[in-house]
Amino acid sequence: MRESTRITELHGRRLLLGVTGSIAAYKAAELIRRLRKLGTEVQVLATEGAARFISATTLATLSGRPVLTDLFDGSEEDTWTKHITLGHWADLFVIAPATAQTLAKLANGFADNMLTATVLAARCPILVCPAMDHDMYMHPAVRLNLKRLQGFGYHVLPPGYGELASGLVGLGRLPEMDDILERMAALLPDELRGKHALVTAGPTREPIDPVRVLTNHSTGTMGFALAKDLVRRGAQVTLVTGPTLLNTPEGVRRIDITTSAEMLEAVLAHKDADIIFMAAAVADYTPIESHSSKIKKQEDQLTLRLQRTSDILAQLGKLRRDDQTLVGFAMETENGLVNARKKLREKNLDWIILNNVSEEGAGFGTETNRVTLIGRDGSSFPLEVMPKQEVATALLDRILTDCA
Ligand code: CTP
């Protein structure tokens, strides 16, 4: 099936799907299947009532994640805060189908299960798709609850008209799948739609001879995580990367380079991007002469003569427009804040992300990172140790709030 262009924007987005105890709950299976095909990450929050209509095993298998029902469901460590982390994780929260009972709970701020508690914690748009019998849907209590929910800023997709499970004909059917998907896509956060982002990542390799190089331990993970999160926010992303084994995040235009000189050339070709993250670990020095044949061992000692490479970020800082956002990294082992602030000033940046390689859980080759974001005005925001993908989200949340 060809998807409309709007629906394809659900790709890479993070969705919370609330499923409640309506006969239409079985349609959640098809909804999840369509979403997963589109490349959407789906976390199902089902009420106990939903389990009477569709099994948690079906929902978990299709979504690829365990279904959460009770407020205390989740892994040991995060069980008490799961509703908060999920509420902050999601780009969109959709409750389909939503029963009269769940609407009543939401209209009164109940937090008695994972679904209702997470609604209260969510920072993203919330879409409610009621499905019930005609007379229930028309009852003044239900109408009042829906009005209250709209008053909270929630979005309501009204049910369709037709044959209902009771055999009656009326309003109450869960809308067609395409209509739900279209409405979801229209509600996605698109703060970077129409913007071009340039990200650099990974190490560079400076050739000494045909078999040897000067390089560093960068794996590219932080830059790739930033590129992925920028796509999720609607940006058109160009990723210039040194050698790495990482897979290209979907939707990203990737340019592979090897040396710092090649990185300079690729970056300058995209210097007009609206937002630039210089996350690559670029070599500061390169061999003065690169031997065309392998250097054979002779003396006990060998001296390599190196020369400075161009500082790509400093060049971008000189060429920058006022409406660009330029973000650099500072990899330090001592006097982090002082050195990072100096780099920010000298390279004419808006932000610098301080990476202290000697700290536990930070630096090259780790799954996690601990960074401090430093602004042009001198402000600093230390982040907790987190997986690099979450670091990317937290950094962009902060930087984009400031740009708004
Ligand atoms: N950078 C760059 N071009 C270089 C070297 C570094 O664009 N030739 C960028 C990095 O991508 C990073 C920032 O400059 O965003 C800071 O890199 P870092 O290695 O921490 O600092 P340097 O400026 O190289 O200074 P030093 O090595 O003396 O700490």
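The single condition among (1) over 21 Å from residue 272 (Cβ atoms); (2) of a type in the set (Lys, Arg); (3) within 14 Å of the ligand (Cβ to nearest atom) that residue 347 does not meet is (1).
Counting the residues of region 231-261 that are assigned to a strand (DSSP E or B), hydroxyl-bearing (Ser, Thr, Tyr) and in contact with a Lys or Arg (Cβ under 6 Å, 6 or more places away or on another chain) gives 1. Considering 193, 233, the condition of being buried (at least 22 other Cβ atoms within 10 Å of the Cβ) and either modelled with pLDDT under 95 or not assigned by TED's automatic domain parsing to the domain that holds residue 369 (or both) is satisfied by 233 alone. Restricting region 272-309 to residues that are closer than 30 Å to residue 234 by Cβ and more than 12 Å from the ligand (Cβ to nearest atom) leaves a set whose member that is surrounded by the most Cβ atoms within 10 Å (Cβ to Cβ) is 275. If I filter region 336-354 for residues that are over 26 Å from residue 264 (Cβ atoms), of a type in the set (A, V, I, L, M), in contact with a Ser or Thr (Cβ under 8 Å, 6 or more places away or on another chain) and assigned to a helix (DSSP H, G or I), do I get at least one hit? Yes, there is a match, as at least one residue in region 336-354 is over 26 Å from residue 264 (Cβ atoms), of a type in the set (A, V, I, L, M), in contact with a Ser or Thr (Cβ under 8 Å, 6 or more places away or on another chain) and assigned to a helix (DSSP H, G or I).
Scan region 310-317 and give yes if some residue there is more than 9 Å from the ligand (Cβ to nearest atom) and surrounded by 16 or more Cβ atoms within 10 Å (Cβ to Cβ), otherwise no. Yes, that holds for at least one residue. Filtering 81, 20, 8, 85 for residues that are within 29 Å of residue 148 (Cα to Cα), in contact with a helix residue (DSSP H, G or I) (Cβ under 8 Å, 6 or more places away or on another chain) and of a type in the set (Val, Ile, Thr) leaves a single hit, 20.
Taking (1) under 25 Å from the mean Cα position of the chain (by Cα); (2) surrounded by fewer than 21 Cβ atoms within 10 Å (Cβ to Cβ); (3) touching a residue at least 40 places away in the same chain (Cβ under 8 Å) in turn, residue 254 satisfies each apart from (3). Filtering region 318-337 to residues that are more than 7 Å from the ligand (Cβ to nearest atom) and of a type outside the set (Asp, Glu) leaves 318, 319, 320, 321, 324, 325, 326, 327, 333, 335, 336, 337. Summed over region 23-61, the residues that are without any contact (Cβ under 8 Å) to a residue 60 or more places away in the chain, closer than 21 Å to residue 175 by Cα and in contact with a helix residue (DSSP H, G or I) (Cβ under 6 Å, 6 or more places away or on another chain) give a count of 8.
If you check 37, 27, 82 for being crowded, with 17+ Cβ neighbours inside 10 Å, more than 20 Å from residue 113 (Cα to Cα) and charged (D, E, K, R), only one passes: 27.
Just one of the listed residues (215, 116, 204) is β-branched (Val, Ile, Thr), in contact with a Lys or Arg (Cβ under 7 Å, 6 or more places away or on another chain) and over 30 Å from residue 75 (Cβ atoms), namely 215.
The values are calculated or read from the model by the stated rules, or taken from the named source; none is laboratory data. For clarity, every value in this text was computed on a predicted model and none was experimentally measured. So basically every Cβ, Gly included, is an ideal-geometry build from the backbone, and we count neighbours across all protein chains shown.
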